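Right, one structure below, let's go through it.
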Amino acid sequence: MLEISNVSVKFGGVVALDDVSANFDKPVSGIIGPNGAGKTTLMNVISGFVRPISGSVTRDGQDLLRLSPHHRAHWGLRRSFQTEEIADDLTVFENVLVQIDHSQTAARAKWDEVEKMLDLVGMAARADKIGAELTGFERRLTDVAKCLVGKPRVVMFDEPAGGMSTEESRLLGALIRRINGITSAQVLIIDHDVELIREVCIETLVLDFGRRIAFGPTADVLEDPKVKAAYIGTEEI
């Protein structure tokens with residue numbers, strides 16, 4: 001279980017997160033809210049890029065806030081960003097392999113793991129293609145594979161479906177649903193695509209102006225009048 005307890009963040013006089021708590025215990029969970037709600041800030045706290053003024057983030061007894069971003073990665077925290085971090089001059093295989101280059105695992109085992117994850121995301125046949133030649137969807141799939149090597153414990157995706165077609169979003173959703181069963185990693189997703197969140201996430205946290213306004217089963221959360229008012233844009237009842 002990923003436990004977020006009473007997390008608060010301020011940027012100068014702006015309260016970005018205000019005493020946010022949520023215990024994520026499902027294989028795939030979502031974080032949604034309007035622009036500026038604090039979603040990416042919360043992900044940055046978990047990643048170690050933003051230090052909160054109060055609160056804690058723990059997983060299976062490990063206090064993640066005590067670890068540097070580098071040590072969180074070694075522990076098993078993975079994250080993708082809104083823009084894929086793909087080296088244009090490396091092949092797909094090399095882009096993924098570099099993520100576990102530091103590992104003490106034998107070279108053959110590293111290669112086998114990369115091949116397994118490229119097969120999982122559907123990029124095995126394009127393993128020798130260089131980053132500069134990839135489509136936007138292929139870059140995203142490669143980015144997902146990068147998050148899955150090295151025995152991840154928590155994988156976080158920040159707007160993974162941004163700019164995708166409906167079919168690409170559907171395929172990505174089907175892939176994300178398979179991650180926990182194959183790697184045992186817990187997945188957190190931020191996305192504005194409500195249908196992706198509805199189809200993929202078992203539970204969802206909703207933020208607005210840095211505050212938690214709803215948390216629970218995704219279907220129930222998306223029907224909450226407060227959520228519709230803040231995020232979907234309907235009037236609150």
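The values are calculated or read from the model by the stated rules, or taken from the named source; none is laboratory data. Since this is a predicted model, take the numbers as computed values, not measurements. Cβ sites come from the backbone with ideal geometry, for glycine too, and all protein chains shown count toward neighbours. All accessible areas refer to the heavy atoms of the entire protein, side chains included, with ligands and DNA or RNA removed. Shrake-Rupley method; radii C 1.70, N 1.55, O 1.52, S 1.80 Å.
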Flagged pairs (Cβ under 9 angstrom, 6 or more apart or on separate chains; first in region 47-59, within 15 Å of Leu77 (Cβ to Cβ) and in a loop (DSSP other than H, G, I, E, B); second of a type in the set (Val, Ile, Thr) and open to solvent by less than 40 Å² (accessible area, probe 1.4 Å)) are Val50/Val9; Val50/Thr41
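From the list Leu2, Leu17, exactly one residue is over 24 Å from Arg177 (Cα atoms) and either out of contact with any Pro (no Cβ under 6 Å at 6 or more places or on another chain) or open to solvent by 50 Å² or more (accessible area, probe 1.4 Å) (or both). Which is it? Walk me through it before giving the result.
Working: Leu2 fails: over 24 Å from Arg177 (Cα atoms).
From the options Leu2, Leu17, the qualifying one is Leu17.
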Residues of region 84-123 being open to solvent by 30 Å² or more (accessible area, probe 1.4 Å) and closer than 12 Å to Val144 by Cα, in sequence order, are Glu84, Glu85, Gln99, Asp119, Gly122
Looking at Ile189, Ile182, which one is of a type outside the set (Phe, Trp, Tyr) and open to solvent by 10 Å² or more (accessible area, probe 1.4 Å)?
-> Ile182
Name the residues in region 72-83 that are in a loop (DSSP other than H, G, I, E, B) and either of a type in the set (Val, Ile, Thr) or open to solvent by less than 40 Å² (accessible area, probe 1.4 Å) (or both), would you?
-> Gly76, Thr83
All but one of (1) surrounded by fewer than 16 Cβ atoms within 10 Å (Cβ to Cβ); (2) out of contact with any helix residue (DSSP H, G or I) (no Cβ under 6 Å at 6 or more places or on another chain); (3) at pLDDT below 95 hold for Tyr231; which doesn't?
-> (1)
Only one of Asp25, Asp88, Asp18 is out of contact with any Asp or Glu (no Cβ under 6 Å at 6 or more places or on another chain) and farther than 26 Å from Leu222 by Cα; which?
-> Asp88
Is it true that some residue in region 171-182 is at pLDDT below 95 and touching a Ser or Thr at 6+ places or on another chain (Cβ under 8 Å)?
-> no
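Out of Pro27, Pro69, Pro34, which single residue is touching a residue at least 40 places away in the same chain (Cβ under 8 Å), open to solvent by 40 Å² or more (accessible area, probe 1.4 Å) and either among the basic types (Lys, Arg) or within 30 Å of Gly173 (Cβ to Cβ) (or both)? So that I can check it myself, show each step before the final result.
Working: Pro69 fails: touching a residue at least 40 places away in the same chain (Cβ under 8 Å); Pro34 fails: open to solvent by 40 Å² or more (accessible area, probe 1.4 Å).
None of the other options fit; the residue is Pro27.
Out of Arg170, Arg198, Arg177, Arg153, I need the residue that is surrounded by fewer than 23 Cβ atoms within 10 Å (Cβ to Cβ), farther than 26 Å from His70 by Cα and under 13 Å from the mean Cα position of the chain (by Cα). Which one?
Details: Arg170 fails: under 13 Å from the mean Cα position of the chain (by Cα); Arg198 fails: under 13 Å from the mean Cα position of the chain (by Cα); Arg153 fails: farther than 26 Å from His70 by Cα.
Exactly one residue qualifies, and that residue is Arg177.
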Can you give me the number of residues within region 124-150 that are outside any helix (DSSP H, G or I) and open to solvent by 10 Å² or more (accessible area, probe 1.4 Å)?
-> 7
Does at least one position in region 104-118 carry a residue that is closer than 30 Å to Gly38 by Cα and either β-branched (Val, Ile, Thr) or without any contact (Cβ under 8 Å) to a residue 60 or more places away in the chain (or both)?
-> no
